[in-house]
1. Scan (1) of a type outside the set (Phe, Trp, Tyr); (2) part of a loop (DSSP other than H, G, I, E, B); (3) in contact with a helix residue (DSSP H, G or I) (Cβ under 8 Å, 6 or more places away or on another chain) for the single condition Thr431 breaks and write down its number.
2. Exactly one condition in (1) modelled with pLDDT under 95; (2) not assigned by TED's automatic domain parsing to the domain that holds Lys913 is not met by Lys890; state its number.
3. Which of the residues spanning the stretch 656-688 are part of a strand (DSSP E or B), touching a Phe, Trp or Tyr at 6+ places or on another chain (Cβ under 8 Å) and not basic (Lys, Arg)?
4. Name the single residue, out of those in the stretch 460-479 being within 23 Å of the chain's Cα centre (by Cα), assigned to a loop (DSSP other than H, G, I, E, B) and of a type outside the set (A, V, I, L, M), that is surrounded by the fewest Cβ atoms within 10 Å (Cβ to Cβ).
5. Only one of (1) out of contact with any helix residue (DSSP H, G or I) (no Cβ under 8 Å at 6 or more places or on another chain); (2) buried (at least 22 other Cβ atoms within 10 Å of the Cβ); (3) not hydroxyl-bearing (Ser, Thr, Tyr) fails for Glu344. Which number is that?
6. Go through (1) crowded, with 24+ Cβ neighbours inside 10 Å; (2) hydroxyl-bearing (Ser, Thr, Tyr); (3) within 29 Å of Asp280 (Cβ to Cβ) and name the single condition Tyr580 misses.
7. Sort out which residues of the stretch 799-827 are among the charged types (D, E, K, R) and either more than 20 Å from Ile856 (Cα to Cα) or over 39 Å from the mean Cα position of the chain (by Cα) (or both), and write them in order of number.
Amino acid sequence: MKKLIIIFTYLIFINIANAQFIFPSEIEREHPRLISSKINKENILKKIEASDDIKKSYEDFKKKIDKYVVQFKTEPEWLSSRFQMYWKSHATDVYVNGSYYSHAEGRAPVPTVRLTGQRDYVTDYKTPKLEDVKPYLEDERGLYLENRKTNKWEWVQPQKTGRVIENTNENIMGIARDAALIYFVEGDEDYARFATHLFDVYMHGLYYRNEPIDIKKGSVQNVIGLTSFQVIKENIVDELAETYDFLYYYIQKNHKKENDIYTASLKKLAEIIIKNGIPDNNWNLHQAGKVIEIALALDEDKMYKDGKGCQYYLNRVFNESEPRQWSVNDVLIYGYDQNGVWNESAGYALSVAKGFTHLARVIQESLGVNIMPGMPIIPKAVTIMPQYLYPNKSIVAFGDSHYGPLETQPFLDLVSNAQQFNNRQQEEEFTSLIYMLQGKHDALKPKKSKNAFYDLLYDTTVYLDSTITPAKMIDYMTNSFYAPTVSWVAMRNGLDEKQGLMVSQVGALGNHTHSNGIAMELYGKGYILAPESGRGSSYYRPDYREYYSQIPAHNTVSVNGKSAYNKMRSYYAFEVNNLYPVSEKKSGYYPNINFSDLYFHEPSTNSDQNRVMSIVRTGETSGYYIDIFRSKTKEGNAKYHDYFYHNLGQELQFTTMDNQPIALQSSSKLNAKSGNIKAYNYLSDEKSVKSNLPFKAIYNLTVEGKENVSMNMWMNGNENREIFKVKAPYSEAFRGVLPDNIEKAPLLTTVVRQYGEAWNTPFVTVYEPSTTSEPSTIKHVETFKNASNKSFVGLVVESKSDRIDYVFSSDELGSYSHDAINFDGTFGILTKTAKATTLFIGAGKKISYNGYTVEILGKKSGAATFVFGEQFQLTCNDAMLLTIPDIYKKGDVIMNIGFKQLNGARTQIDGKKVVVFKVPLTSFQNISIELKK
C-alpha cells in the first residue's frame, strides 16, 4: 500500500466569519482512514517486531480471532448464523409500541437485521456467549437466554431483553472488525474472507430493512435508529465503519458488485442517525461522531452516483442544521454559555466537552487536520471543568450525574492538538492543568498501556513537557462559581482535601435535571457527606421516575408532599439574589465567609422558596455551614413543608440541645397513602416525634482503615414541628468511589415537617463536619427573632474556643438589632474573638457595634468586611463609610491602604467622638489607622 498522503496542508480550513467548515473536492488519503495518519502498514509491522510490548499485545489480540478463522474454513456459517436476524421471515418493516418491540412484517430476498427488544438497557437476562447462541434463531417464543436471578435458561419475549439483540450483533461484528484489521496488517486473505462473510451477511440484512415505525406515533419515532431504539446507541456503527475501512481494497478487488449494497447500508445508517435524534443536547454530538465515522470510511463524493460520500456527510454534520441534527457550530452556540458551561447536568456537561475534543482528535488523527480553531469555545469549556470539583477532586453530581474523578482525556486531547499544530500557548495551559489535577510527578509517570497495539494504531500517547509548571488551583477552582445555564452555584472555602469546605446548590434548568427544588450537596473532611442520590437503575425504571428524580431524593424542601415537576428536561431556574464572593473572583475578598441567597418559584405548588446558605471558616481545621430555608405557598394554604437532609453514615442519633436522647416512635406519615407523591414510599423505617424544641443530630460515618467522620447538625425549633428519622435508598451517584458497604447502604435521613407555612417559621440549620482527631468546635447554637419582621432569623453560634458568631438573615432589607449589634440588610455576620471583631455585610447597607460602623454608599445593598483588634483589615465592593471610635490625640487621623492615604473626618455621633473615613472600593487587605506624622 502506498504511503498515506494528504494533498493539502489542511484538508479542512475554517472560515470564522461565515462559521463554515469548508472541505476540498478531493481526498487522497488511502484507506484505512480511521486510524492515525502517522502510520502505515509497513511501519506497523516494523514496530511490532521492534517492541516486545506491541508484539505481545498484537499476538494476544490475534489469538482471540484465529480460532474463528480456522473454524470458518470447515463451518463457514457457524458464527454468522449467530447474528440476531429475521432468518425465517426476512422482515423489512419493524414496528414498535413506544419503547418496546412489537412485531415485524414484509419480505426481503435475504435475512434482515433484527431491531433490539426494548429501549431500556436494564434487563434480567444476560447477553449470552456466542457459543450459547442458538443458530438461525427466529422463534415465536422469543430469545433463549439465561436469567440473571435464577441462572436458568428460558424463552423470553424481546420486549424484556434490553439490548441483548444489538449487543450480540455488535460482539460478532467486533470479531469481523478485528479479523479485517489483521488482514490489513498481514495481508492474509483467510482473515479477509472470514471478515467479509460476516460483513456481507449483516450489510445485506441492513440494506433491505426500513426505519422502524412506532405504532403509538409518539416521541420514540423521533429518536429511533435502524437497529437500536436510540440513534445514539447505534454502537455497531463503529465496527461496521472500521471493518469496511480495513477491508476496503479487498472488497474493491473481490466483491465489487456487493460494494454498492455495503455503501448504501452505511449511508442508510447515517441518514437515519441524522434524521432522528435530539439536536440541542449531548445527542447531537454523539450522532455527529457516528456519522463522521461513516463519512471517513466512504470514498469522496464523486465516486458515487448520488454524490454522497465523505465530503457530503462531513459537510452535513459540520455545516448544515436539520430538524434533529444541528451543525457543529450551531449546537456549540446554543449549548454553551460564554463561560464554557454546557446546558446539561454535571456529568453530561463534562462528557460533552470530552466528546468535542475527541471529535477534533478523530479528524486530526485521521486526516491530519486541525478543526479546533472552528470551535473556540471548547478549550474554554475544558478550562472550566475544575469548577465542577470538590476538594477531593471528585466532580459534583447534580441531576443525572455520578461522583468520580475528572477525566484528563480532554486536556490530553488539547495538548496533542497543540503539539501537532504548533500552538505552544495551548500546550502550556493544558499541560499545567493536567499537572494541577494529577500532580506533576504522577502525570509524568510512565503509564502502562492497556493495549500497546491499539495505542500504536490510534496514536493515543501524549508526551507531556516536564519543563511546564503546574497551574494554581485557585485560578481554576474559585471560591464562588455561578452557572446560570444550568442554575448551579458552587461555594468553596479552602481547597485542601481534608480541611476544605464546599456546598453545591442546583435548581432545575437544562437537560438531565431532576425535580429537586433548591437542592444542595455538602462536603467535609474528605467526603461528600450530604450527597445527591443519582439517577437510579435506569431512566426507564420506576425507581428513577418515582424516586431518584424527585424531591425526597434530594436535600431540599417539599411543599404539601406534592412538589413535583418536569424531570429530564426542565426550565425552572433559581434566581441569585446575592452571592459572596462574586462568581469566579480569584482574590480581594474576605476569605473566611461564603454566602448565597437564592429564590425559587416551586411551580407544581405555586410556592415561594428562599434558601440562604453560608460557609463560615472558624479555623484552619474547622468551619461550619448555615442553611436557612424559607418556604410558603402563594395562596397561603400550605398544610406542611418537609425539609429533607440525607447524609452518609452507619449511625444517626437525635438529642436535645443539652445532649439528652430524643425518643422517637414508629409512624406512618411519609408515604403516598397519606397524600404525598410516590417518592415518599421509598423511605423506610420511619420514626418521628412532635416537638417545638431545637434539636441536634449526629451522623457517624466509619470507613475501614480511616478515621471516623461525623456530620453534626443543629436545627431550630418552632411550633407545629415534627421530626422524622428514616432510611432512604442508597445514593446511586456513588459508583466505586467508596467501599461497597457504604455506597450500597441506605442514606440516613432526617425529615423535618413544619405544619402550616415555613416562611416565618423557616428551617434554620447549622452543619459542622468533624473527625475523631478534629472534633466538633461548636459549643452552642441558638436563634433570635425580630418583632418588626416575622421572617427574620438570627443565629448565635458559640464555639468551644472564645468565639461567638452572630448571624442576621432576612428576606427583605430592614434594620435589626441584637446584643448591641445593629444591622441593616438581608445577610450579615458579626464575629467576636479575644483578638478581633469582624463586621461582615454579605448583602446589606450597614452594620455597627461598639462604636464601629460599616456603611455602604451608593446602592441599596453591597458587601463589605471590617476586622478590628490586633490588626485592622478591610474590603468593600463599593464605596463605604467606616466609622471608628476617636481614641487619637490632636491632629489628622489617616488610614493607610497600601500606598494610599485616606484622611479621616473627626466628628461626634450621638455625643461620642468618632473618626469617619470614606473608603473607595478596596480589595481585602491589612490597613493601619494612625495620626499623621
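1. Here Thr431 clears every test but (2).
2. With (1) modelled with pLDDT under 95; (2) not assigned by TED's automatic domain parsing to the domain that holds Lys913 applied to Lys890, the lone miss is (2).
3. Listed by number, the residues that qualify are Pro661, Glu686, Ser688.
4. Lys472
5. Among (1) out of contact with any helix residue (DSSP H, G or I) (no Cβ under 8 Å at 6 or more places or on another chain); (2) buried (at least 22 other Cβ atoms within 10 Å of the Cβ); (3) not hydroxyl-bearing (Ser, Thr, Tyr), Glu344 violates only (1).
6. The single condition Tyr580 does not satisfy is (3).
7. Once the filter is applied, which keeps residues that are among the charged types (D, E, K, R) and either more than 20 Å from Ile856 (Cα to Cα) or over 39 Å from the mean Cα position of the chain (by Cα) (or both), the stretch 799-827 yields Lys800, Asp802, Arg803, Asp805, Asp819.
Residues checked against (1) in contact with a helix residue (DSSP H, G or I) (Cβ under 9 Å, 6 or more places away or on another chain); (2) within 20 Å of Phe763 (Cα to Cα); (3) of a type in the set (A, V, I, L, M, F, W, C); (4) part of a loop (DSSP other than H, G, I, E, B):
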| site | (1), (2), (3), (4) |
| --- | --- |
| Arg535 | yes, no, no, yes |
| Ser538 | yes, no, no, yes |
| Asp543 | yes, no, no, no |
| Gly561 | yes, yes, no, yes |
| Ser570 | no, no, no, no |
| Asn578 | no, yes, no, no |
| Lys586 | yes, no, no, yes |
| Pro591 | no, no, no, yes |
| Asn594 | no, yes, no, no |
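The values are calculated or read from the model by the stated rules, or taken from the named source; none is laboratory data. Bear in mind that the values here come from a model prediction, so they are computed numbers and not experimental data. No Cβ is skipped: glycine too gets one built from the backbone with ideal geometry, and neighbour counts run over all protein chains shown.
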